[in-house]
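The structure appears below as structure tokens.
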Amino acid sequence: MGRTIAQKIIAAHLVSGDMTPGSEIGLRIDQTLTQDATGTMAYLALENIGIPRVRTEKSLAYIDHNTLQCGFENADDHRYIQSVARKYGVYFSRPGNGICHQVHLERFGKPGKTLIGSDSHTPTGGGIGMLAMGAGGMDVAVAMGGGAYYITMPKMYKVNLTGKLRPWVTAKDISLEILRVLSVKGGVGAIIEWGGEGIRTLSVPERATITNMGAELGATTSIFPADEVTRAFLKAQGREADYTPLYSDPDAEYDKIIDIDLSSLTPLAACPHSPDRVAEASDLGGIPVSQVCIGSCTNSSLRDMLRVAAILKGKTIADGVSLSISPGSRQVLSMLSACGALGDMIAAGARVLECACGPCIGMGFSPASGGVSVRTFNRNFEGRSGTRDAQVYLASPETAAASALTGFITDPRTLGVYPDIHMPDAFFINDSGVIPPAGEEEARALDVVRGPNIKPFPKGEPLPDTLTLPVSLKVGDNITTDHIMPAGAKVLPFRSNIPKMSEFCFGVCDETFPRRAKELNRSCVIGGSNYGQGSSREHAALVPLYLGVRLVIAKSFARIHAANLINAGILPMTFADPADYDALEQGDALRVEQIHASLKSGRLTAVNERTGKTIGLTYPLTDRQIAILKAGGLLNYTREAGI
Ligand code: MIC
Ligand code: SF4
């Protein structure tokens, strides 16, 4: 039988397991990336593992999230990451050099390679045919140390594109269309391959917009073939030598095939508060907008920015709108500046921000109370913007720019002729924003610099055989990691300080949770379906661990979060009968016995001590995961078992 693109890359990197969907496989990882908000934990873990140098082909540490420096904390974290990177053999992309996924795509990604990153949008690399996956920081640390990355062998989905996008309709609209079709849960357990004759009309940055937002489908990753379009992009980046063609076999088999006719698509927008609440931009026309934000790893390429500049050129944004533009990388910003497009943006009234995540992660630019913000980003979860009652819509750069001009959500087709842009044959290349590591000899003598905000890792405990745990919190479906461990300018500076961070845990759902959990000492949390969707932040596991959470029972889990819980030594379980969810209340106490003997079968029984009711629990844990839980988390396990 023929193979899909992902199956070919997996087969070439398989170090354990077999490629039957649903079973655990271990993969050799060629490249890793971290960003600063998850990076400190990843490098603390790397130091803990105790290997002197990274063993990957290339590892990078990007600084792009925590770039507001309102106190010493973020600058301390940057200094720590720079010093640890230099010592351990990691390239350091300094603040201002750009958003990790954009820079990685431009300068480092290679077709056919494996990449894991401590950021859920790492699949952006699938736009040039990499097998690129988001992971928790501890998993990235192990991969940096030369260890395998373990995933459940995914199913294979294919999206077949036919036709060609009409003017004003974009790759973002394709991403929103697939979210409309599949929902935020529709990609769980699958890799999505994009193919069909329609992909030939999509440039690499457009493909990367699509693979980036595949994270919102819950997919393990998304991938495009490496074809002549990929070669042209790499050539324009001065990296033609990194090109290898990569296609699926004609007789490859897929578990699901979805057809999309590009010529039938229209400008779309995702309504508050979920990326899959998709509507036609034209149907949202009456909604007044107070803020427009253009940028993020989804839509900050040169192509996107040139298009925005062309739309804004010679015009002024509406009086009631504040418009932010964050180019994705220093390369993009310098090219915008050289061709005059930056001037057009500024003249139209844009507030140009540095090349970083910025408003996407609530680092400034929080909307006014109840304000409507149109953003070209990938997530519009409640509270993520930093304003709890803000109404965030996700849309293409074209729709966002049109809305900035009119002051209402606007179907950009109403602007008339689609402006032409000229894409250069060669990008500006200046890698001085990436600082290479020290040589091995010099590295040995280097010290790692730690500031007072950098607190040690919370300690995982070996899983006991019996747990009696009060329910400290019960939440509903689609709880995101932004609910569990909010981000934003007020909280992100404490990403290296778990005790301080714990004060904000579940703040969006219930501000009393941290105090209650601490008072209970040990407890469990009950969730609905797709628990932990969204970001890869392992803080959403480490902070509950610090607050005494030992068990999370949900209807289902998002992939990266379930792995992070296990890595932290917290037991994830699902309800054998989802109806049992309804019978549980906050304040109930659950007793689970004979855990060790039962884990292998994947089935446990809990007794609700208030009602006496028995609840069946299930979760397919592998032997490796059971060993991790018994050791009290991945770090303890790795120290005992080695890489
Ligand atoms: C996000 O978009 O939510 C983030 C911030 O990039 C996260 C990582 C983090 O929480 O630091 C992600 O996507 O994994
Ligand atoms: Fe940064 Fe936003 Fe992309 Fe996350 S989604 S990496 S916060 S730009």
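The values are calculated or read from the model by the stated rules, or taken from the named source; none is laboratory data. All values derive from a computational prediction rather than experimental measurement. Neighbour counts are summed over all protein chains in view; Cβ atoms, including those assigned to glycine, are modelled from backbone coordinates with ideal geometry. Only protein heavy atoms, including side chains, enter the accessible area calculation; ligands, DNA and RNA are left aside. Shrake-Rupley method; radii C 1.70, N 1.55, O 1.52, S 1.80 Å.
Could you run through region 383-401 and say how many residues are over 14 Å from Thr170 (Cα atoms) and surrounded by 19 or more Cβ atoms within 10 Å (Cβ to Cβ)?
Qualifying residue count, region 383-401: 9.
Of a type in the set (Gly, Ala, Ser) and either within 28 Å of Ile257 (Cβ to Cβ) or within 16 Å of ligand 1 (Cβ to nearest atom) (or both): which single residue out of Ala148, Ala135 fits that description? Just one listed residue meets the conditions, Ala135. Of the residues making up region 185-206, those that are touching a strand residue (DSSP E or B) at 6+ places or on another chain (Cβ under 7 Å) and buried (at least 23 other Cβ atoms within 10 Å of the Cβ) are Gly187, Ala190, Ile191, Ile192, Glu193, Trp194. Kindly check whether there is at least one residue in region 522-541 that is open to solvent by 10 Å² or more (accessible area, probe 1.4 Å), part of a helix (DSSP H, G or I) and more than 16 Å from ligand 1 (Cβ to nearest atom). Looking for residues that are open to solvent by 10 Å² or more (accessible area, probe 1.4 Å), part of a helix (DSSP H, G or I) and more than 16 Å from ligand 1 (Cβ to nearest atom), one finds none in region 522-541, hence no. Considering region 319-374, and only residues there that are more than 26 Å from Cys70 (Cα to Cα) and of a type in the set (Asp, Glu), the residue that is nearest to ligand 2 (Cβ to nearest atom) turns out to be Asp344.
Across region 41-52, a minimum of one residue is classified as of a type in the set (Gly, Ala, Ser) and within 26 Å of Gly112 (Cβ to Cβ). In region 98-112, the residues that are at positive phi form Cβ pairs under 6 Å with partners that are of a type in the set (Gly, Ala, Ser), at six or more places apart or across chains, as follows: Gly98/Gly328; Gly98/Ser329. Entry remark, region 277-298: residues being assigned to a strand (DSSP E or B) and either within 16 Å of ligand 1 (Cβ to nearest atom) or touching a residue at least 40 places away in the same chain (Cβ under 8 Å) (or both) number 7 in total. Is it true that Thr56 is of a type in the set (Ser, Thr, Tyr), surrounded by fewer than 24 Cβ atoms within 10 Å (Cβ to Cβ) and within 16 Å of ligand 1 (Cβ to nearest atom)? For Thr56, the condition - of a type in the set (Ser, Thr, Tyr), surrounded by fewer than 24 Cβ atoms within 10 Å (Cβ to Cβ) and within 16 Å of ligand 1 (Cβ to nearest atom) - is not met. Looking at Ala438, Ala489, Ala443, Ala426, can you tell me which residue is open to solvent by less than 70 Å² (accessible area, probe 1.4 Å), away from ligand 1 (no atom under 16 Å from the Cβ) and either closer than 30 Å to Ala341 by Cβ or free of Cβ contacts under 8 Å to residues at least 12 places away in the same chain (or both)? Within the list Ala438, Ala489, Ala443, Ala426, the selection yields Ala426.
Taken over region 1-47, residues that are open to solvent by less than 10 Å² (accessible area, probe 1.4 Å) and assigned to a helix (DSSP H, G or I) amount to 14.
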